[in-house]
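Please read the structure below before turning to the comments.
The values are calculated or read from the model by the stated rules, or taken from the named source; none is laboratory data. Quantities reported herein were computed from a predicted structural model and do not represent experimental measurements. Note: ideal-geometry Cβ built from the backbone for every residue, glycine included; neighbour counts use all protein chains shown.
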């Protein structure tokens, strides 16, 4: 079956229950999408499916036929670019492991809500865990990305 | 490959041509564009820490692993400063595993990242490394141009004398032929002349964290991202109870899973090996293992706590005595006691433990990992595989967090992984992966403990202070502690209490359990600071004293603690009115040679729940190498510490862990993160640690704010949602 990943069509021939995360990381070598918990509890594996933040660790690749999937490697929308710029400007990252998921969650938030309030930022980001607790800077970076988008 | 380059035993360090394929494990440098234009780059070593590329890059070898704490920037900054480099040319790479060249003096000369030692243990060495390389470049230029070395200027990455000009890259080969100057003859910059040390990042990114660009653009390489062609993935079934041993296993169903190639028993369990992770995990799900629990832990948390309380009834090993010690706890005035209970905590770094082993029987082994103790892993792997340590190459990748979990004296991860590689005769590279459940349920926890705090108040003051702890030792049985020596690191922060109290008694009982324990970001200070600082507020309240004013009184002879206390109090507006429902709490603590005060503002809501709204942090870590990384470490330390005191606990039922993943072992989320302000004390003292010292004060600062709101003592952690 055909999956569209970062604008490229891929032929998926793997097992029906194999999560998208492992297909991305092991087969396509798209290792920017990270493994954190395997049970959709942390958000490290967040990708966008038709623009909607989705946990790749519990989503079978085979369930996404015909869907447009965006990973951190293909984050080229204006919101996505603004998010990456803001993340760099504020030096948000520490260990960096969760940050692909954080940036995809932020991109989805800003695409839906270009001028989020502080509460909307918290609500949009609180399901993504950062064990380094860079939350303080993530808040600032989402607000900064909103400014960059204009 | 770059990571296995060897150095000549002479005082000259000259490296051959390093091709681009070899730079594959370099991090922080995106050299692909240069490759297209100019082909392979020659790397020339100017000492063990500095390599100058023919493309004019300067790569600093890190002997410490970058796991988020910012050493890739901090250590590189120290070299760049004395080298007089241009920040744009600076790169970093993890050093090879080699104690002789890259040992950490704070780890007895063994390579190690931990104890917040990276900057302070490297300060003199890396200044020397930078200054030495600068002098070699200067001498090389003087020789080339036929001028006096004193007429050669090195500045901003350029070497100049009159009309002669050269880049570091152009002079590197000639500089490598210059004997390195005597360390005693090196001169260092005055602090007022620093170009990088103490400098703030700028928004245009001409100066900032070196690991940011690759981490933002998914180019950073972590150990789990290493996935060579044909690699097999292993997951291990470990004993459900701590200390159980394999009796036998039934693998028919596991082997029937498509993709499963092998099922092998090793010392710590039974490994299921497959062509990919999902197959290995499914195989393990249907594997049946029989365990011998005869020497396993069988108690539950409540029973363990009861054993701890029973031990606390008697005096333990004495760790500190001032004045009359414990005898002074009896006498006139008011006696106060409280038991503070701390649970097991899991490090739970976001990148689960993993490593990849490429083993050629009888020949060699290459291990890709993100370890805090690479030479310890190297020796452990050599022991398992029957190789010499120099036949084992450790390639250190970035790690997705650690908080102490990747510093294991028993090399648990690498021992398991190499046993698996051996069991399949190295027929393919094998990646051992820990799932999150493995991470939460496999031990190496911050030890649980009870601090029995006692005091006698008399004539408006604390006349006697007692702190008795029951806890497991982390260091006992490891090479860090000579046999028979009491492990007082278990109560660091208790036994060195700095308050001016005339009678002090600190003692400890070392408890035993098959549940394994390990240093967790700030180690003993995670509980000692809480017990000391919260109990002090309980006593201050009884004495009718203001918590900040009383600390000032008791710390009159401790200028650096007093300095951070005063700075935090000023910035937090201590004493100024707050809206109804809001209270403040303060805590101040010394750890890892640094001093930190934190003031928390807490709101107790009508439904009894509470929120931590704002934290003001003041830190004195001596000379600040990079203020924004100090800030980041304080912000992160506060979040990590807050996570534990609000909601983290690993509990045990009948010898097995109860929790399993992030839904029941619940880290802090954004909605719980306070606003954080960080202030640094200006200092010219040598730099000291920042990775851990931000953690200890946050728990007691929050508990003290709650005490101010409710009058209650918060003696059992985690605090939970209600005040």
Looking only at region B:348-384, and only at residues there that are surrounded by fewer than 23 Cβ atoms within 10 Å (Cβ to Cβ) and in a strand (DSSP E or B), the one that is nearest to the other protein chains (Cβ to nearest Cβ): B:358
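Do we find a residue being modelled with pLDDT of 95 or more and in contact with a strand residue (DSSP E or B) (Cβ under 6 Å, 6 or more places away or on another chain) anywhere in region B:25-42?
No, that holds for no residue.
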Selection status of residue B:508, in contact (Cβ under 8 Å) with a residue 40 or more places away in the chain and assigned by TED's automatic domain parsing to the domain that holds residue B:325: yes
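Within region B:88-95, is there a residue that is under 25 Å from residue B:205 (Cβ atoms) and surrounded by fewer than 18 Cβ atoms within 10 Å (Cβ to Cβ)?
Start the filter on region B:88-95 by keeping residues that are under 25 Å from residue B:205 (Cβ atoms), which leaves B:88-94.
With the extra rule that they be surrounded by fewer than 18 Cβ atoms within 10 Å (Cβ to Cβ), the set shrinks to B:88.
Yes, the conditions are met somewhere in region B:88-95.
Per-residue answers, yes or no, for (1) part of a strand (DSSP E or B); (2) modelled with pLDDT under 95:
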residue	(1), (2)
B:404	no, no
B:413	no, no
B:419	no, no
B:440	no, no
B:457	yes, no
B:464	yes, no
B:470	yes, no
B:475	no, no
B:480	no, yes
Matching entry among A:3, A:64, A:48 (being within 29 Å of residue B:353 (Cβ to Cβ), in contact with a strand residue (DSSP E or B) (Cβ under 9 Å, 6 or more places away or on another chain) and either crowded, with 20+ Cβ neighbours inside 10 Å or in contact (Cβ under 8 Å) with a residue 60 or more places away in the chain (or both)): A:48
Filtered residue count, region A:134-148, keeping only those that are more than 10 Å from chain B (Cβ to nearest Cβ) and over 12 Å from residue A:118 (Cα atoms): 3
Qualifying residue in region B:147-164 (condition: touching a residue at least 12 places away in the same chain (Cβ under 8 Å), buried (at least 18 other Cβ atoms within 10 Å of the Cβ) and in a helix (DSSP H, G or I)): no
Wholly within region B:251-342, strands (runs of 3 or more DSSP E) carrying at least 1 residues that are surrounded by 14 or more Cβ atoms within 10 Å (Cβ to Cβ) and modelled with pLDDT under 95: none
Flag if residue B:110 is away from chain A (no Cβ under 14 Å), part of a loop (DSSP other than H, G, I, E, B) and either surrounded by fewer than 22 Cβ atoms within 10 Å (Cβ to Cβ) or over 16 Å from the mean Cα position of the chain (by Cα) (or both): yes
Residue check, residue B:622 on the phi > 0 side of the Ramachandran plot and at pLDDT 95 or above: yes
Pair list, Cβ under 8 Å, 6 or more apart: region B:306-320 residue touching a residue at least 60 places away in the same chain (Cβ under 8 Å), other residue surrounded by fewer than 16 Cβ atoms within 10 Å (Cβ to Cβ): B:320/B:496
In region A:120-133, residue surrounded by the fewest Cβ atoms within 10 Å (Cβ to Cβ) [restricted to those that are at the interface with chain B (Cβ under 7 Å from one of its Cβ atoms) and in a helix (DSSP H, G or I)]: A:122
Qualifying residue in region B:635-644 (condition: more than 10 Å from chain A (Cβ to nearest Cβ), outside any loop (DSSP other than H, G, I, E, B) and at pLDDT 95 or above): yes
Qualifying positions in region A:1-23 - more than 11 Å from chain B (Cβ to nearest Cβ) and out of contact with any helix residue (DSSP H, G or I) (no Cβ under 6 Å at 6 or more places or on another chain): A:1, A:2, A:4, A:5, A:7, A:8, A:9, A:10, A:11, A:13
Single condition residue A:38 does not satisfy, out of (1) on the phi > 0 side of the Ramachandran plot; (2) away from chain B (no Cβ under 11 Å): (2)
Criterion: surrounded by 19 or more Cβ atoms within 10 Å (Cβ to Cβ), touching a strand residue (DSSP E or B) at 6+ places or on another chain (Cβ under 6 Å) and modelled with pLDDT of 95 or more - qualifying residue of B:548, B:523, B:538: B:548
Candidate set from region A:96-113 (those that are within 25 Å of residue B:204 (Cβ to Cβ) and without any contact (Cβ under 8 Å) to a residue 60 or more places away in the chain); member that is farthest from the other protein chains (Cβ to nearest Cβ): A:110
Region B:182-220: number of residues that are surrounded by fewer than 18 Cβ atoms within 10 Å (Cβ to Cβ), touching a residue at least 12 places away in the same chain (Cβ under 8 Å) and more than 14 Å from chain A (Cβ to nearest Cβ): 9
Failed item, numbered, when residue B:213 is tested on (1) under 27 Å from residue B:625 (Cα atoms); (2) in a loop (DSSP other than H, G, I, E, B); (3) modelled with pLDDT of 95 or more: (2)
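In the list A:62, A:86, A:44, which residue meets the criterion of being closer than 27 Å to residue B:210 by Cα and more than 9 Å from every other protein chain (Cβ to nearest Cβ)?
Every option except A:86 fails the conditions.
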Selection within region B:648-704 - surrounded by fewer than 22 Cβ atoms within 10 Å (Cβ to Cβ), in contact (Cβ under 8 Å) with a residue 12 or more places away in the chain, within 10 Å of chain A (Cβ to nearest Cβ) and under 23 Å from residue B:240 (Cβ atoms): B:660, B:661, B:666
